Structure formats: structure tokens, C-alpha cells
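Computed from the coordinates by the stated procedures, all read-outs in this text should not be read as laboratory data. All values reported here derive from a predicted model rather than from experimental measurement. Cβ placement follows ideal geometry from the backbone for every residue including glycine, while neighbour counts extend to all protein chains displayed.
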Amino acid sequence: MTMQPAGWYTDPVNASRQRWWDGNAWGPHVTSNGTTWFEPLPPIAPTTGRSSRRMPVWAWVLIGAVALIPVILLSPVVAVVALVILITGIVALAKGTRTWLRLNSRKAAIVVTASAAAVLLVTGSVSAAVLPNAGTGSNTEAAHFAAPSPGKAHESEESSASRPTPTPTPTPVASTREEVVTEAVPFTETRVDDGALPAGQTQVRTPGQNGEKTLTYRVHLLDGQEVSRELVSEVVTTQPVTQVIANGTYVAPPPPPAPAPAAPAGNCDSNYADACVPIDSDVDCAGGSGNGPSYFSGIARVVGRDIYDLDRDGDGFACEPY
């Protein structure tokens, strides 16, 4: 208990109660069911034994030889037990606990740990020296000890059959490949004015044609499935042809006025020029309010007297429209 901190622990004299441990030794105070009283730890009476004669050396040798036989035969089992005790003793020394060995002092823990280490070393050395075929023997013995009874073997087979076999997780495989793709390059369109084409009309002068470009990608795969891609190169292999459309802008001029009917030769009044004003008792402008009997259609220049009063505004032109 020297490894335990101060506190109440099971009384080494009476396990039904607790005694105070001050960190180094047992105190005189005892408690049980909430009652505490003073009761010093009784002294441990020295053991008295009858004197006996010392055993001869050959007896100790015989006892050691007899004890060595099970160690040799059961060295694997003894080694396992010694290993368990060794680990437990190390835990007891590191944490200061009693563990399942019930070690009451640090000295006891050291003795047990050292003894277990010595037994483990001896069993290993004896097995290596006495049993040269320890590997085969151990395998045979392990197979012998591991061989289950028919009933247990049947249960084990049923358990193995009912237990699903774990599926190993495959390691993803990454790879890359190159992929070449061709795409169309759309053509553009432009318009030009054409004075020879009537206004409002259009005409395709140059038909448009799509071009073509070649794209090279580096494709990244994971277990054969594409996860990403990157463009490596882009080359236009065929240039597109621009489509040209003509817009008509030509506007036809208005038709010329119909010429005035020509008067019979020699029947034109000489007072008027540039047109033939007939000679009659009275001549009025065609489309006017006059009553004839003759009518003049057109415009004539007055070069003499305006005998028919055709130049109403006096500007020198007869039958000029208002």
C-alpha cells in the first residue's frame, strides 16, 4: 500500500471495514457503516517454526530438476503466464495500483515483476536449447490445443457460415488519357448596300459556311470513371466563311408627264411658243372653267399678245397650273 495516496482502504485485518492509510503506513482509525473509532493495527506475531536440518545440496538439485521438467514440457504455457504477470507488475509499478495480483507494496510489485521476467527468460532459453524443433512442436502442440471438439467445430462452422465475409476495400486506381474532339465554328454575317438592287429587297451574295476546330483534352480517370478534364490545345483547322447579304437601295424616279397632244401643223397661234395653242374664236385652258370651243392642254410661253387670256397671273406663261 505504500504506492497508494492517503485515504480509506479495506482494513488488512478485517475486510468488512476500512482503515485509514496515511500514504506510508496504516493508521489507528477504523470506520464501518459511517462509524469511526480508534483501533491500532495489531502487531503481526512472528512466526515460529521448528528448527530443522538444512537440506542437502543433492536434494535441492533434485527438486530443481523435477521442477524443470514441467517448465520444459509446458514452456509455452508458462511463458504466456509469465508474460501476463510481467505486464501486470509493470502496470502496478507505473500506476501504483494493486491490480488483480493484490500487491500490497512497491517491493512486492518489484519482486513479482522481476520473477516473471526471469521465468519468461528461462522458459525461452530452455525451449530454444532443449527443443530445437520448437517451431514444429509448437505448431503441432498449438494445433493439438486448438483442435476443437466435434460439437464445437460444428458450432464454429455454423458461426463462420452465418457471419458475413468482410469485403476488402479496393484501392482506387488513377489514370489519364487524351481525347480529341472536333467542333463547328459558326460563321458570321455582314450586310452591304447595293444601289442596283431595288429598295426593300435583299440578296445573298456570299453564302456562309461553318468552320471546324480540333480540341485536345487530358481526361483524368478514377477506376475508369472520368472525374475531370483539362483543355490542352485548341486549333482551328477550317476557317469559317462570312455570309454577305446585299440590301437594295435603288429607288426608281417618277415617270415623265405625258406629252401634250400635238396640234395640227399650221394651226398654232403665233402669239404663243413652246407649245401649240390652236387658232379659234376662243381657246380656254383644259380642265379650267372656260367653255371653248377649243382647249389648250399644257404650258405655253406668251411671246405676243395673250389674245385668249390664258396667262391669268401675267407671268408670261399660259395655262400654268396654280
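Rounded to the nearest Hz, the phi-derived 3J(HN,Hα) couplings of the stretch 178-195 under the Karplus curve 6.51 cos²θ - 1.76 cosθ + 1.60 (θ = phi - 60°) are 9, 10, 9, 10, 9, 10, 7, 9, x, 7, 9, 10, 9, 10, 10, 7, 10, x, where x marks glycine and proline. According to the calculation over all Cα-Cα pairs in the stretch 260-322, the P(r) per 5 Å bin from zero is 4, 21, 34, 29, 11, 1 %.
Amide H to amide H, with H built 1.01 Å from N, TYR295 comes under 5 Å of ASP284, counting only residues 5 or more places away or on other chains.
Listing LEU62, LEU221, LEU310 from fewest to most neighbouring C-beta atoms within 10 Å gives LEU62, LEU221, LEU310.
Note that the stretch 239-247 has calculated 3J(HN,Hα) couplings of 6, x, 9, 6, 7, 10, 10, 8, 9 Hz, one per residue in order, obtained from phi through the Karplus relation 6.51 cos²θ - 1.76 cosθ + 1.60 (θ = phi - 60°); glycine and proline are x.
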